[in-house]
Amino acid sequence: MADLRTDFVGIRSPNPFWLASAPPTDKEYNVRRAFEAGWGGVVWKTLGAEGPPVVNVNGPRYGVIHGPDRRVLGLNNIELITDRPLEVNLREIKQVKRDFPDRAMVVSLMVPCDEESWKAILARVEETECDGVELNFGCPHGMSERGMGSAVGQVPEYIEMVTRWVKQHSRLPCLVKLTPNITDIRKPAEAAKRGGADAVSLINTINSITSVNLDTFSPEPSIDGKGAHGGYCGPAVKPIALNMVAEIARNPETRDLPISGIGGITTWRDAAEFLALGAGSVQVCTAAMTYGFGIIREMTAGLSAWMDEKGFTSVSQVTGRAVPNVTDWQYLNLNYVTKARIDQDLCIKCGRCYAACEDTSHQAIAMKPGRVFEVIDAECVACNLCVDVCPVENCITMVELPKGTVDPRTGITVGDYANWTTHPNNPMARAAE
Amino acid sequence: MTSPQTPGIAAHRLDAARLASNFEDVQPPLDHHEARVAADRCYFCYDAPCIAACPTEIDIPLFIRQIQAGRPVEAAMTIWSQNIFGGACARVCPTEQLCEGACVREAAEGKPVEIGRLQRYATDAGMARNSHPFAREAPTGKHVAVVGAGPAGLACAHRLAMRGHDVVVFEKRPKPGGLNEYGIAAYKVPGDFAQAEVDWLLGIGGIEIRCGVELGRDVTLDQLRAEYDAVFLGIGLQDTNALGVPGENRAGVEDAVDFIERLRQTPDKGALPVGRSVVVIGGGMTAVDAAVQSRALGAETVTIVYRRGQEAMSASRHEQEHAQTRGVRIMHEAAPREIRGNGAVSEVAFAYTEAGPDGLRLREAGFRLEADQVLKAIGQRLGPLPEGLGVRGGKIDPASLPAGVWVGGDCAPGGEDLTVTATAQGRDAAEAIHRHLTGPAA
């Protein structure tokens with residue numbers, strides 16, 4: 001069995017699966033159940049400054065995007081940071097950490113953007129003997145209007161400034177949680193690094209309206225006929241999160257900055273993908289909120305078994321494994337030529353490939369008598385749409401043309417690696433030597 | 001109180017609760033969530049094979065997509081625009097031989113999209129609107145006579161009314177509906193669905209139904225041709241085939257279609273007498289409907305005996321399995337030699353059959369089945385026809401039709417004898433009549 005024990009910026013946990021700062025980590029009761037179920041760590045739901053806690057709405061907090069069988073594909077929320085008193089949270093954090101010393105206990109924080117506020121809360125948090133803090137610069141609703149959350153995360157200078165305060169006033173490892181509601185994720189990550197952050201965690205939720213009620217014309221979730229944007233999460237956001245993680249992992253300025261990956265992780269496979277793109281730990285929320293804490297057993301067993309199959313003995317061997325293969329478009333090999341191939345034995349003759357190619361692509365599939373569908377190599381640009389819409393796995397595959405063969409579409413012989421930077425059509429191309 | 005064990009033909013073999021449960025909906029309707037899940041399985045195939053497999057060519061992927069999108073009433077409109085008996089067909093079509101048999105998921109995984117049940121979901125939603133969804137075009141001033149108020153005749157009448165013609169439907173029975181009303185197992189169309197569907201269909205207006213009027217007895221084809229601008233014959237198959245074996249006229253032996261008709265027209269199923277040991281002879285849908293309903297009424301043993309092998313049975317595999325699940329035994333490759341009894345039937349002697357170069361041959365060997373009721377379901381055929389009409393292949397020969405007369409449904413050639421085929425032929429005849437009456441479009 002592969003060893004799933006994780007040391008992430010000095011924070012140790014028996015596995016890399018943490019529960020993200022969110023409703024599942026708001027109370028001792030929930031966190032105890034999570035640890036008993038086997039979760040490696042938690043990021044305790046965001047604490048605010050001392051004083052009267054925030055209040056939440058008293059109507060629905062969540063909106064949802066369902067698949068046809070009500071599978072939760074995406075979730076959105078308008079919940080704020082913890083609405084329980086600071087001292088209650090601190091007491092519970094301390095107690096749970098004491099009872100589960102091997103688990104990662106990270107505390108999420110969000111206080112007003114002044115040094116004194118941060119200094120004050122850090123002193124209180126350190127007393128809990130937690131393992132680290134996560135700065136919530138990502139929450140996109142409710143708190144941002146008060147100059148916190150993503151209002152900080154969208155201004156790199158603020159990120160750097162607050163991170164610096166935190167590192168000055170605490171010896172705890174510091175994770176900076178990033179908002180995806182920005183143009184270039186590398187900028188806030190660079191700012192966090194300049195400020196001295198030990199790691200970044202991303203993504204937080206994405207500004208969203210899940211749906212509109214077409215009877216009342218209220219956005220969902222609806223509070224007395226009105227709706228506000230919420231933060232979107234769940235399986236639907238995973239591709240966005242993967243890209244942002246990869247962008248930070250391959251950015252020369254931040255490539256050594258540890259990443260805690262977040263965004264739609266539902267199974268071990270999602271987690272492995274985040275790890276491969278540079279994450280050193282992962283955080284889960286929507287999957288737990290949908291299915292309960294029991295999913296951790298599938299996640300740890302699946303990751304461990306896959307690592308065994310691949311010969312990886314530790315999580316750190318997986319981290320970043322795919323990063324060298326993430327590149328910019330201009331460096332992709334233009335002499336990698338493939339053609340779609342349809343396995344006639346597997347084909348069930350639905351014709352979706354034909355409809356997709358004929359109506360929306362390159363007219364590269366012929367429909368022959370008896371509903372036989374065949375690729376026309378002279379037209380196929382290898383776009384992969386037929387593969388994507390085919391309901392049968394492996395029925396349509398992309399087959400590489402060997403070097404030296406002629407692409408019947410272009411009449412050009414398949415040659416060695418060559419990319420756009422040297423392509424004759426590129427006005428910026430420098431002459432190849 | 002009688003019981004299934006009571007000898008002879010007797011009523012009240014089962015209590016009312018058991019009877020009610022035996023005759024309830026054979027397949028319950030899909031609820032909204034089930035429909036969403038079932039609809040999601042449709043691949044929206046290009047030039048979909050299911051459409052080609054439907055005699056009425058309903059745009060099945062489209063109506064299923066409309067269900068996916070939460071618009072079942074619009075889905076029903078897609079169905080009805082091709083097949084006004086979409087509700088009945090959803091219940092009685094042998095879908096595994098038609099649309100569902102052609103579904104690519106049947107080929108892929110042996111589990112087709114549940115097109116029939118989805119069609120029922122949509123048409124139920126549409127009929128629940130309690131208003132007729134089609135409007136009539138401007139009146140043409142033309143009058144058309146339709147003979148037979150079965151699926152073919154009513155589909156023809158509806159499409160003619162839609163096109164602005166006025167229609168009179170002549171029906172010899174007391175009620176319209178044809179085999180949907182008289183000839184299909186009760187559990188397939190519970191809740192008086194057949195009459196409800198006819199009432200809904202007639203909601204378009206412009207259709208008058210005259211029941212109790214029989215062609216050849218009360219009115220002649222020549223009279224109709226003289227009085228109307230066009231005539232459509234949807235008279236079905238009025239006679240049944242005979243076994244031609246000794247004892248066929250004994251008490252307790254009757255045509256399965258008569259048994260089914262009586263059953264459909266008797267509100268109190270408990271009052272219907274049924275044998276303790278019932279033997280059904282035949283291999284089609286009528287045989288299955290008669291056998292299953294005999295069991296449902298409380299017959300102790302019911303056996304279908306068919307002269308050829310299972311693969312030759314015209315009842316679908318699904319129907320056969322349904323019968324077997326309901327406790328009906330199906331025997332193959334045996335034909336009746338004699339129906340015996342001391343007065344009423346008490347047993348049937350069968351001979352095994354074997355296929356030879358000259359067709360089926362009876363072997364010496366055989367067996368006897370105890371029977372106090374025998375139901376004959378070996379096929380229906382044309383009854384007496386108006387003078388001048390020819391017969392070809394057991395159906396009215398269209399070439400023999402006089403000018404201004406069209407034909408469709410079970411009495412006409414082309415396709416299986418199914419509600420859906422009759423509906424398609426009635427609809428298409430109506431369009432042909434419309435073209436004939438209004439001339440080529442400008």
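Laid out as a table, the results:
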read-out: Count of region A:1-27 residues which are surrounded by fewer than 17 Cβ atoms within 10 Å (Cβ to Cβ) and over 23 Å from the mean Cα position of the chain (by Cα); value: 2
read-out: All helices (runs of 4 or more DSSP H) inside region B:56-105 with 1 or more residues being away from chain A (no Cβ under 14 Å) and open to solvent by 50 Å² or more (accessible area, probe 1.4 Å); value: B:72-80
read-out: Yes/no for B:ALA52 being in contact (Cβ under 8 Å) with a residue 60 or more places away in the chain and either facing chain A (nearest Cβ under 9 Å) or assigned to a helix (DSSP H, G or I) (or both); value: no
read-out: Top-ranked residue in region A:276-292 [being among the hydroxyl-bearing types (Ser, Thr, Tyr) and within 11 Å of A:THR266 (Cα to Cα); ranked as least open to solvent (accessible area, probe 1.4 Å)]; value: A:THR286
read-out: Failed item, numbered, when B:THR2 is tested on (1) of a type outside the set (Gly, Ala, Ser); (2) open to solvent by less than 60 Å² (accessible area, probe 1.4 Å); (3) more than 14 Å from chain A (Cβ to nearest Cβ); (4) part of a helix (DSSP H, G or I); value: (4)
read-out: Any hit, region B:342-360, residues being of a type in the set (Val, Ile, Thr) and loosely packed, with under 14 Cβ neighbours inside 10 Å; value: no
read-out: Any hit, region A:234-249, residues being crowded, with 16+ Cβ neighbours inside 10 Å, modelled with pLDDT of 95 or more and of a type in the set (Asp, Glu); value: yes
read-out: In region A:392-404, residue nearest to the other protein chains (Cβ to nearest Cβ) [restricted to those that are within 18 Å of B:VAL104 (Cβ to Cβ) and open to solvent by 40 Å² or more (accessible area, probe 1.4 Å)]; value: A:GLU393
read-out: Failed item in (1) open to solvent by 30 Å² or more (accessible area, probe 1.4 Å); (2) within 14 Å of another protein chain (Cβ to nearest Cβ); (3) not in a loop (DSSP other than H, G, I, E, B), with B:LEU118 passing the rest; value: (1)
read-out: Number of the condition not met by A:VAL372 [criteria: (1) of a type outside the set (Asp, Glu); (2) within 14 Å of chain B (Cβ to nearest Cβ); (3) within 36 Å of the chain's Cα centre (by Cα)]; value: (3)
read-out: Failed item, numbered, when A:PRO324 is tested on (1) more than 14 Å from chain B (Cβ to nearest Cβ); (2) open to solvent by 70 Å² or more (accessible area, probe 1.4 Å); (3) within 30 Å of B:ILE51 (Cα to Cα); value: (3)
read-out: Residue in region B:19-31 that is assigned to a helix (DSSP H, G or I), within 14 Å of chain A (Cβ to nearest Cβ) and either more than 24 Å from B:HIS322 (Cβ to Cβ) or modelled with pLDDT of 95 or more (or both) present; value: no
read-out: Residue that is surrounded by fewer than 14 Cβ atoms within 10 Å (Cβ to Cβ), over 30 Å from A:PRO221 (Cα atoms) and of a type outside the set (A, V, I, L, M), where the choices are A:ASP69, A:ASP99; value: A:ASP99
read-out: Within region A:288-406, helices (runs of 4 or more DSSP H) holding 1 or more residues that are within 25 Å of A:GLU273 (Cβ to Cβ) and in contact (Cβ under 8 Å) with a residue 60 or more places away in the chain; value: A:295-310, A:315-318
read-out: So B:ALA152, is it in contact (Cβ under 8 Å) with a residue 24 or more places away in the chain and open to solvent by less than 30 Å² (accessible area, probe 1.4 Å); value: yes
read-out: Some residue of region A:409-426 being closer than 30 Å to B:PRO112 by Cα and in contact (Cβ under 8 Å) with a residue 12 or more places away in the chain; value: no
read-out: Residues of region A:336-359 satisfying the condition of being among the β-branched types (Val, Ile, Thr), buried (at least 18 other Cβ atoms within 10 Å of the Cβ) and more than 9 Å from chain B (Cβ to nearest Cβ); value: A:VAL337, A:ILE342
read-out: Residue among A:ALA120, A:ALA104, A:ALA49 that alone is touching a Gly at 6+ places or on another chain (Cβ under 7 Å), away from chain B (no Cβ under 14 Å) and at negative phi; value: A:ALA104
read-out: Meets criteria (closer than 20 Å to B:PRO384 by Cα, buried (at least 16 other Cβ atoms within 10 Å of the Cβ) and among the charged types (D, E, K, R)) for B:ARG250; value: no
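The values are calculated or read from the model by the stated rules, or taken from the named source; none is laboratory data. As the structure is a prediction and not an experimental result, all values here were calculated from the model. Reconstructed Cβ throughout: ideal geometry from the backbone, glycine too, with neighbour counts over all protein chains shown. Ligands, DNA and RNA are excluded from the accessible area calculation, which covers all protein heavy atoms including side chains. Shrake-Rupley method; radii C 1.70, N 1.55, O 1.52, S 1.80 Å.
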